[in-house]
Structures are given as C-alpha cells and as structure tokens.
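Please treat every number below as a calculation from the coordinates, not as lab data. None of the values given here were measured: they were computed from a predicted structure. All Cβ positions, even for glycine, are placed from backbone atoms using ideal geometry, and neighbour counts span all protein chains on display.
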Amino acid sequence: MQALIFDKRKYDWDNSKGFEKVDVPMPTIQKDDDVIIRVHYAGVCGSDKGIWYRQAFKEQILNSIDAENNPTQPPLTLRGGEKQNPPLKIRGEGGVMNPKSYRIIGHEFFGEVVEVGKAVNNIKKGDFVSCESHVVDNKCYQCLLGQKEVCTNEKILGISHDGGFAEYARVPAHVVRKTDTGKIRPEVAAMQEPFGNAVHAASKVDMKDKTVAIFGLGPIGLFLLLIAKARGAKSIIGVEPNPISIEMAKKLGIDYVIPLRTTNHYESTNPYKHNAEVTDEIIQITKGVGVDVSFEMAGYNSSVNNCLYATRRGGEIILFGIKQGDFIFENYNRLIVHGFTLHAVIGRQLWQTWETTRELLEDHTNQIQEKLFNVILDQGKNTILPLSDYTKERFEQMLHDHPKFLIQM
Ligand SMILES: NC(=O)c1ccc[n+]([C@@H]2O[C@H](COP(=O)([O-])OP(=O)(O)OC[C@H]3O[C@@H](n4cnc5c(N)ncnc54)[C@H](O)[C@@H]3O)[C@@H](O)[C@H]2O)c1
Ligand SMILES: [Zn+2]
Ligand SMILES: [Zn+2]
C-alpha cells in the first residue's frame with residue numbers, strides 16, 4: 001500500500017525535510033485487539049509541519065522506530081554510561097533481514113474498519129471510525145484514575161506508532177471511536193481529533209456571557225472560536241499574525257481581531273515579553289478591565305505573557321500551545337497578586353471530550369460542522385489532496401497556503 005513516511009535509513013533527520021511516498025507492506029492483525037482501518041481522509045496539522053521541517057518529535061520518532069525492532073531488549077549501556085540502541089536484528093514489518101526503519105506519519109484520520117482481531121467487541125467490520133491519537137496503556141497510575149490524557153506510557157499515532165497517512169492503518173481497538181456518517185460528514189469526521197483539542201481546552205471554563213481572548217488563530221484556535229460562540233461567549237477577541245487566518249476568523253464571526261504586526265519571538269532582545277500594543281488594545285476593548293478568559297493557542301513565550309497582561313484580575317488562562325525549552329513568566333509577582341487561574345491542557349479526555357465533540361458536530365443549530373467544511377476547508381477547494389497526486393512540492397505549498405487541509409486516500 002502507499003504511505004507517507006519518514007525513513008531513518010534513507011534520511012538523516014537533521015539534513016532532510018518532507019515525507020516520502022512509498023510502497024510499504026499492508027498492515028495485518030497481529031494482536032487480538034488490533035483493528036485495520038481503510039483510511040478515507042487524514043488531516044494535516046502543525047505537528048505534521050513540525051515533522052516535515054524536522055523541528056519537532058525527533059527523539060520520539062527515531063527512538064520509537066528502534067524500539068519497534070527491539071521490543072524486548074533494553075538499550076545497551078556503553079562505557080561512559082551513554083546508551084545506545086542494540087543492533088537491529090529482530091523481525092520488523094520488513095522481515096528479519098530487513099528491520100523496519102520508517103514511521104508512517106499522520107494522527108488525524110477517518111475511515112472504514114475492514115478487519116478486527118478476535119478480542120475486539122467495541123467495533124466491527126464496516127464501522128466508520130476515527131481514532132484517539134494518544135495510544136494509552138490503560139494501566140498506569142493516571143489511566144487507572146481516569147486521567148488517560150496524561151498516561152505515563154502513551155504512544156502517539158504518526159509519531160511513536162504508525163499513523164494514518166496511508167491507505168490502511170493498524171491501531172488497537174481501544175483508541176477507535178465510531179462515527180455516524182449520517183450526522184458527521186467524512187471530511188469533518190477526519191478533524192475530530194484536533195477539534196477535540198479545542199473542546200478539551202474549552203471544557204476548563206464556563207464561557208457564557210464572558211469576554212474571551214484567543215491568542216493564535218491556527219486551526220485549533222479557530223475551532224475554539226466556533227466553540228466559544230456556541231457556548232455563548234459575550235465577545236471574542238483574536239490575536240494572530242497570519243492574514244489568511246485573520247480572514248478566516250472574520251468569516252467565522254469573531255468580534256475583534258488584532259493583527260500581530262511584530263511577533264516578539266523573532267526579536268533577539270527580550271523575545272519573551274508581552275506586546276504592550278496588543279494587550280493595551282484588549283484592555284481598551286474590555287473598558288479597562290481585561291478579558292475574563294484567555295486561551296494561549298500559539299505556543300510562544302511572548303504569547304503566554306500576552307495572556308497574563310490581557311486577562312482581568314481573577315480571570316482564567318488556558319495554556320495549550322506547545323514549544324520545547326524554557327519560558328519566562330514576566331513579572332511573576334503580578335501573576336499571583338492578580339489571582340489568575342492557570343490551566344494546562346493536553347490532548348483529549350477519554351472519552352468525555354470525544355462525546356462533547358460528537359454532540360457539537362452533530363448539532364446543526366450551532367452551524368459548527370457547516371463552518372468547518374465551508375470556511376476552514378473552503379468546501380474542499382484546494383484543501384483536499386489525493387494521495388495519488390502527492391508530490392513534495394505540492395504538499396509543501398499546501399502547508400503554506402492552508403491552516404488546515406486533508407489527504408484523501
Ligand atoms: N496541548 C495539546 O494537546 C496540543 C495539541 C496539538 C497542538 N498543540 C499546540 O497548540 C498550538 C496550536 O495548534 P495549531 O495546530 O492550531 O497550530 P498552528 O501552529 O497551526 O497555529 C498557531 C497559530 O498561532 C499564530 N501565531 C504565531 N505567533 C503568534 C503569537 N505570538 N501570538 C498569536 N498568534 C501567533 C500562527 O500564525 C498560527 O496561526 C501549537 O503550539 C501546537 O503545537 C497543543
Ligand atoms: Zn494534529
Ligand atoms: Zn497509562
């Protein structure tokens with residue numbers, strides 16, 4: 001079957017970019033709880049962009065490929081204490097002499113179940129499904145407490161477990177979620193995973209009659225905008241540098257957008273500091289008070305500090321954007337004195353977030369599903385790339401042109 005992969009044998013991570021379209025072996029049922037899905041659509045997001053440009057997930061991808069080939073052997077300890085993975089000699093999908101050296105990318109997808117292992121009883125052949133991308137172990141301390149989104153031993157589809165940029169995908173049944181295609185169209189069904197991120201972020205606060213600021217109107221920030229409107233927010237202010245995303249937010253009915261002219265993170269001095277121009281404007285819009293709720297949906301240090309300076313005393317700040325490395329809280333004392341509540345949000349809660357996602361998408365009175373397809377996917381115009389038409393150039397152009405696009409298998 002055809003798949004988009006990163007192959008560590010062919011490419012040096014640090015001196016390459018992009019995904020290769022190659023023929024790989026069809027996945028087969030290997031464990032009793034395996035499910036094989038014929039993928040129809042797969043969503044492309046910022047995380048995939050991070051892999052494309054080799055800016056994110058290097059260790060997770062490289063180490064997990066090694067671990068798949070050597071499932072039982074612990075890493076060897078060399079003289080000097082450093083670890084090295086043992087020689088590749090155990091059977092991979094490529095056979096004993098040809099250990100598997102690639103990762104199939106893609107963690108947002110939708111398709112039809114074509115085969116299930118004999119222990120599977122939640123899903124059957126012919127079901128239309130999407131997947132939770134965090135493959136949890138269901139047995140660590142947090143999983144047993146019901147906090148599966150912070151599982152100690154999780155693997156992530158398309159990063160540390162083969163994903164859905166392929167004609168077929170093999171996943172454990174416990175991450176598979178049925179979708180009613182009579183109620184949710186397939187292109188939207190393929191976006192349930194990232195939409196669920198926004199649902200989870202939104203679940204931390206009551207937005208009814210509140211003023212809300214969203215810092216970063218990438219796809220997940222735009223999803224959040226739709227949810228904030230459905231939840232009855234009084235007014236919604238967005239902050240975003242990219243004109244394409246700004247236009248989209250306007251079409252989706254945002255009340256105010258503040259175009260970010262200078263993004264501090266590109267400056268060499270004090271890249272962590274808040275943009276006073278932006279936060280002053282938010283204070284002005286909210287009549288000197290500040291917003292009740294701020295969502296950090298971009299993942300930059302200056303953007304976190306923008307939240308701290310745009311939120312009213314006693315307000316709530318949801319931290320969702322991710323970057324590696326240290327962040328500085330500007331004027332830490334102020335954070336305490338203003339009595340903010342900070343929430344860090346990761347992934348989706350199983351399965352509460354998926355259930356809310358389903359309700360929001362199936363309820364046509366909120367027009368969310370319609371706006372996802374008509375505005376964010378622009379009715380599929382140049383936002384759906386058939387796998388057969390994949391070229392590196394075309395894919396890279398789409399990464400640049402669209403906050404969200406899909407691959408059609
Ligand atoms: N917590 C989680 O579980 C989780 C899951 C997926 C993604 N993420 C992270 O959440 C963030 C949003 O995800 P996405 O897929 O929408 O990402 P994205 O990178 O597509 O969107 C980020 C948006 O922020 C804008 N931006 C850049 N600098 C900004 C700034 N200083 N202030 C305001 N906006 C700025 C960008 O132009 C872009 O539109 C990313 O950081 C991503 O890595 C977190
Ligand atoms: Zn994603
Ligand atoms: Zn766990």
Charge dipole of the chain about the Cα centre (unit charges at C-beta), most positive-ward option of Gly380, Thr279, Gly158: Gly158
Glu355 to Thr181: extension gain in nm, 0.36 nm per residue of separation minus the Cα-Cα distance? 61.1 nm
GNM result for the chain, Cα springs below 10 Å: residue of Val35, Val337, Val135 fluctuating most strongly: Val337
In Å and from the alpha-carbon atoms only, list the Rg and Dmax of the stretch 205-344. 13.7, 40
Mean ellipticity per residue at 222 nm, deg cm²/dmol - from DSSP H runs of n ≥ 4 across the chain, formula -39500 (n - 2.57): -7500 deg cm²/dmol
Based on the mean of other beta carbon atoms within 10 Å per residue, what is the order of 208-220, 365-377, most packed first? 208-220, 365-377
Might you report the magnitude of the Cβ-based charge dipole of the stretch 205-344 about its Cα centre, with Lys and Arg at +1 and Asp and Glu at -1, to the nearest 20 debye? 340 debye
R0 = 25 Å: FRET efficiency of Glu115 with Asp389, Cβ-based, nearest 0.05? 0.35
In Å, what is the Rg of the alpha-carbon atoms in the stretch 315-409, and how long is Dmax? 19.3, 57
Dipole size in debye (nearest 20) for the chain around its Cα centre, Lys and Arg Cβ +1, Asp and Glu Cβ -1? 320 debye
Once Thr365 and Gln147 are pulled to full extension, the length gained, defined as 0.36 nm per residue separation minus their Cα-Cα distance, is 75.3 nm
In square nanometres, what is one fourth of the surface area of the convex hull spanned by the alpha carbons of the chain? 21.5 nm²
Between Lys58 and Lys287, what FRET efficiency follows from the Cβ-Cβ distance if R0 is 51 Å, with the result rounded to 0.05? 0.65
What full-extension length gain, to one decimal in nm, is calculated for Tyr256 and Trp13 as 0.36 nm per residue of separation minus the Cα-Cα distance? 83.4 nm
Name all residues of the stretch 47-70 having a backbone nitrogen under 18 Å from the label point set 7 Å from the Cα of Asp137 along its Cα→Cβ direction, giving them as ranges. 60-61, 63-70
Label point distance in nm, Lys381-Ser235, each placed 7 Å from Cα along Cα→Cβ: 3.2 nm
Please list 128-134, 46-52 highest first by mean number of surrounding beta-carbon atoms within 10 Å per residue. 128-134, 46-52
Go through Lys118/Lys178; Lys31/Lys124; Lys234/Lys287; Lys49/Lys155 and tell me which ones have a Cα-Cα distance over 24 Å in this structure. none
